[in-house]
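Here is the structure we will look at.
The values are calculated or read from the model by the stated rules, or taken from the named source; none is laboratory data. Predicted model, so just to flag it, every value in this text is computed and none were measured. Heads up, the Cβs are rebuilt from the backbone with ideal geometry, glycines too, and the neighbour counts pull from every protein chain shown. Calculation scope for accessible area: heavy atoms of the full protein, side chains included, ligands and nucleic acids excluded. Shrake-Rupley method; radii C 1.70, N 1.55, O 1.52, S 1.80 Å.
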Amino acid sequence: MAACSYDKLRMTNEYTVDIEQHLSAPGVIDVTMPVSLNGHDRVVVREGMVAATQEKLGFDLPGPFGNVIFVLEGCYEDCGWAGYAFVNSWLSVFQGDNYKYVGVQMHEIGHNLNMAHSGGLDGTRYTDYTCAMGNPSYSDNSGLMCYNPAKNYQIARGSDSWYNENDHETITWDSGNNAGSYWSGTIIGIADYKNNPYDRPVVVKIESGTSDDLFVGFNRAIGINRDMTDARDKVTITEAGNNGLGYAQSWIKASLSEGESYRVVNWRGSGIDMTILVKKIDLGAEPAYADVIMSLGDPTIFSKTNSRTLNPTRNPTLRPTTQPKANPTKTPPEQPTEQPTMQPTMQPSMKPTVQPTKETNGNELETTFEYDLGSGGSMFTVEAKQNILITSLAINSNSRGAGEVKIYTREGGYSGHVNSSDGWELIYDNPSAMHYRRGQATELGDFEQGVRIAKGMSQSFFVSSSKGLVYKSGDQENSPFTSDQSLSILEGIGTDESFSDTIHTPRVWSGIIRYEVGPSETCGDLVCDLYEDSESCPMDCADKELQTAFEVSVGSSGTMFTVEALRDMHVSSFVVNAKSRGEGEMKVFTRMGDYRGHGQSSDGWELIYSNPTLAHRRRGQPTELGDFGNAIFIGSGTIQSFFITSSNGVLYTKGTEEGTESVRDESMVINEGVGTTGEFSGELFSPRVFSGMIRYNVLQNPPTE
């Protein structure tokens, strides 16, 4: 973090209070929680950790600390994650030895610094591997990489202000709507930020006229970015909402080599295409640079260059927003009341959005950020016109600073269920959410589990905050206040911070609902779509199988390979291609992340299957292992390694490149791996393709860590 920020942010264990007597090592406090790790979900465990730490220190967290990192020795319930963190907060949690991995640290602390995830070209929220806010590197001796251009712009122009020593370092180009408008110049990588004698920018923001803008950077893979795996030494283009000034999911749109270009059709609704062309990349210069030109519709600019254009994208939506306040204060909150405010405002909200893609269909619906009343909570109902998945909310808080936000939900209406939590499900609980001032959106980040609403059904929400909420008086409770093609938000009520008989009606909840649209009438097509899972559509998503090939090629005593989950899933069983028939011992091991670097030691591997007398079938015939004792959870966007070994040997085929895709379906990718000659010992043969089948069940949509 110190390297990426060029010492603007340095993590230290120097404190303004004396806690020496509590330390077991510099910066480390050991606590025993009042709850067991076994049998409790991570909310209960987290609350237990915070309580135990506060009791030992004698003051409430965060106290004098900028960040508090909790490390669990392991995970026994609600697993499948390496770490998680609260957005714009001081709190992060790691399990096992994941705390020591640089990439995981950068990812979770990035959330604390108000950064959202970075998604890839496949529409998955974690798959921008040019950025630490994509899926991180699980290694303690690699993972040196920083953030993508959108994130770099955010931390230069937003509240953290790393790359802001000069105005030229992050610039904005507003093309307007007239043909012939262009920007031309050279860009250097963030790794050369301090080596910039010619005052070149590290990020160019292309103003779209909406809150969703493009950000262009040079992904120089040296120094602090030397472990970059994707788009090394290429020009990258990312898209992000909130005008690049605050929390917003980003998406990589293109990575360009010299001579390549990227086109956005009908830029800003002008009817003219906007093109970004990389004229030259000079890695021999000091510092290395990319010569880039961005043009609105004038093809003569490119007449001397033979460029290749990548797939065009859709134009961003035309919905301007205001930027968030850069430095929220920690002023104690005023007590929220059901009274008119003294100074109502018409200021529009900040609205960070996830740019929609064909795969995720991201959308948002805002009520209003005008207000005249307020209280501790608000209840309202949403009606779905299509199958939707609600992924997050933004709220309008009564006062600024850190405070607790809770969100409950239940099917149907809230009438008759206002004064009791019975039948309500707690879906969001952040004890230290950073609230912005009235009239601005307080972003909560994505829910751990999205809320599904089927077409024609309704769902109620109860939102509460210790900082209070503000809202508008309405006209008629349960009447539609605002709608789009997918959902309607109904007028609701104001309430206390907790369930009670206090009701103020009618009231219009003030905020934004973000959601994804699911396909309708697709259950039964044998494809597990994004909005289906093994419970809602078992015929498409339960007992699924992904098979490589049962060809007879080469073999040895074992094989290692990785699986990438495109959805949350439980792997329940394997079918293998045995080298010889008869009874023999079969073992299956697994570990999170890549096996490479871990093939000669059992450290970090878990034995999940062992049968000393398994009946092996002949070559080319499936040898069934049967269900594992406990299914293996693999979270969406993560990698899981498997090692299969047999005393009778296993067969596989020769591959083309270790770690690359062998076969995939809509939920899983099986990558090429290696053959082995011993159990964590002996020779490795690479590349090899696992011969067999994986059986699995698709779970509900992936949680966001």
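Kindly establish whether THR368 is modelled with pLDDT of 50 or more, of a type in the set (Val, Ile, Thr) and within 22 Å of the chain's Cα centre (by Cα). Judged against the criteria, THR368 is not a match. Residue pairs whose Cβ atoms lie under 6 Å apart, sitting 6 or more positions apart in sequence or on different chains, and linking a residue in region 592-610 that is on the phi > 0 side of the Ramachandran plot to a partner that is among the aliphatic types (A, V, I, L, M) and surrounded by fewer than 17 Cβ atoms within 10 Å (Cβ to Cβ), do not occur here. Criterion applied to ASN430, ASN419 was being open to solvent by 30 Å² or more (accessible area, probe 1.4 Å) and either under 13 Å from MET379 (Cα atoms) or touching a Lys or Arg at 6+ places or on another chain (Cβ under 9 Å) (or both), and the one residue passing it is ASN419. Looking for whichever is surrounded by fewer than 18 Cβ atoms within 10 Å (Cβ to Cβ), modelled with pLDDT of 90 or more, within 27 Å of PHE628 (Cα to Cα) and not basic (Lys, Arg) here; the options are GLU545, GLU535, GLU551. Which one fits? One residue alone meets the criteria, GLU545. In the set (1) surrounded by fewer than 16 Cβ atoms within 10 Å (Cβ to Cβ); (2) among the hydrophobic types (A, V, I, L, M, F, W, C); (3) over 23 Å from TYR428 (Cβ atoms), LEU57 fails one condition alone, (1).
Listed here are the residues, each with its yes/no results for (1) hydroxyl-bearing (Ser, Thr, Tyr); (2) touching a Leu at 6+ places or on another chain (Cβ under 7 Å); (3) over 18 Å from GLY376 (Cβ atoms).
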{"residue": "TRP424", "(1), (2), (3)": "no, no, no"}
{"residue": "TYR436", "(1), (2), (3)": "yes, no, no"}
{"residue": "PHE447", "(1), (2), (3)": "no, no, yes"}
{"residue": "PHE461", "(1), (2), (3)": "no, no, no"}
{"residue": "GLN476", "(1), (2), (3)": "no, no, yes"}
{"residue": "SER479", "(1), (2), (3)": "yes, yes, yes"}
{"residue": "SER483", "(1), (2), (3)": "yes, no, yes"}
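Taking residues in region 447-461 that are closer than 15 Å to ASP429 by Cα and outside any strand (DSSP E or B), and partners anywhere that are among the basic types (Lys, Arg) and at pLDDT 90 or above, not one pair has Cβ atoms closer than 9 Å while being at least 6 places apart or on different chains. Whether any residue in region 590-605 is hydrophobic (A, V, I, L, M, F, W, C), open to solvent by less than 50 Å² (accessible area, probe 1.4 Å) and either more than 29 Å from the chain's Cα centre (by Cα) or over 30 Å from PRO538 (Cα atoms) (or both) is what I want to check. Scanning region 590-605, I find at least one residue that is hydrophobic (A, V, I, L, M, F, W, C), open to solvent by less than 50 Å² (accessible area, probe 1.4 Å) and either more than 29 Å from the chain's Cα centre (by Cα) or over 30 Å from PRO538 (Cα atoms) (or both), so the answer is yes.
Can you say whether ILE224 is at pLDDT below 90, outside any strand (DSSP E or B) and either over 19 Å from SER118 (Cα atoms) or open to solvent by 40 Å² or more (accessible area, probe 1.4 Å) (or both), as far as the supplied structure shows? So ILE224 does not fit the description; no. So, in region 178-202, of the ones that are among the hydroxyl-bearing types (Ser, Thr, Tyr) and outside any loop (DSSP other than H, G, I, E, B), which residue ends up surrounded by the fewest Cβ atoms within 10 Å (Cβ to Cβ)? The residue in question is SER184.
Inspection of region 48-66 finds a residue satisfying the criterion of being part of a helix (DSSP H, G or I) and farther than 22 Å from GLN21 by Cβ.
One residue stands out in region 644-669 among those that are part of a strand (DSSP E or B), more than 11 Å from VAL563 (Cα to Cα) and not polar (S, T, N, Q): the one that is most open to solvent (accessible area, probe 1.4 Å), namely LYS654.
Consider GLU239 carefully, then state whether it is without any contact (Cβ under 8 Å) to a residue 60 or more places away in the chain and either open to solvent by less than 40 Å² (accessible area, probe 1.4 Å) or touching a Gly at 6+ places or on another chain (Cβ under 7 Å) (or both). Against the criterion (without any contact (Cβ under 8 Å) to a residue 60 or more places away in the chain and either open to solvent by less than 40 Å² (accessible area, probe 1.4 Å) or touching a Gly at 6+ places or on another chain (Cβ under 7 Å) (or both)), GLU239 does not qualify. When region 570-623 is filtered for residues that are among the polar types (S, T, N, Q) and assigned to a loop (DSSP other than H, G, I, E, B), the ones remaining, listed by number, are SER580, GLN600, SER601, SER602, GLN621.
Filtered by the rule that a residue be in contact (Cβ under 8 Å) with a residue 60 or more places away in the chain, in a strand (DSSP E or B) and open to solvent by less than 30 Å² (accessible area, probe 1.4 Å), region 255-279 gives MET274, ILE276. Of all residues in region 612-661, those satisfying the criterion of being aromatic (Phe, Trp, Tyr) and in contact with a Ser or Thr (Cβ under 8 Å, 6 or more places away or on another chain) are PHE628, PHE642, PHE643, TYR652.
For region 495-528, filtered to residues that are under 32 Å from the mean Cα position of the chain (by Cα), open to solvent by less than 30 Å² (accessible area, probe 1.4 Å) and small (Gly, Ala, Ser), the residue that is modelled with the lowest pLDDT is GLY518.
Tallying residues that are in a loop (DSSP other than H, G, I, E, B) and either open to solvent by 10 Å² or more (accessible area, probe 1.4 Å) or within 13 Å of THR229 (Cα to Cα) (or both) within region 99-119 yields 3. If the condition is being among the hydrophobic types (A, V, I, L, M, F, W, C) and either over 26 Å from the mean Cα position of the chain (by Cα) or within 15 Å of SER647 (Cβ to Cβ) (or both), then region 606-635 contributes LEU607, ILE608, LEU614, ALA615, LEU625, PHE628. From the list VAL554, VAL588, exactly one residue is of a type in the set (Val, Ile, Thr) and touching a residue at least 60 places away in the same chain (Cβ under 8 Å). Which is it? After applying the criteria, what remains is VAL554. The set of residues in region 88-98 being open to solvent by 20 Å² or more (accessible area, probe 1.4 Å) and under 19 Å from ASP446 (Cα atoms) consists of ASN88, TRP90. None of CYS528, CYS537, CYS541 is in contact with a helix residue (DSSP H, G or I) (Cβ under 8 Å, 6 or more places away or on another chain), of a type outside the set (Phe, Trp, Tyr) and in contact (Cβ under 8 Å) with a residue 12 or more places away in the chain except CYS528.
For PHE685, the conditions (1) under 30 Å from ASP540 (Cβ atoms); (2) in contact with a Gly (Cβ under 8 Å, 6 or more places away or on another chain); (3) in a strand (DSSP E or B); (4) modelled with pLDDT under 95 are fulfilled apart from (1). Picking from residues in region 1-26 that are closer than 19 Å to ASP60 by Cβ, open to solvent by less than 70 Å² (accessible area, probe 1.4 Å) and in a loop (DSSP other than H, G, I, E, B), the one that is modelled with the highest pLDDT is ILE19. Number of residues in region 205-220 that are in contact with a helix residue (DSSP H, G or I) (Cβ under 8 Å, 6 or more places away or on another chain) and aliphatic (A, V, I, L, M) equals 1.
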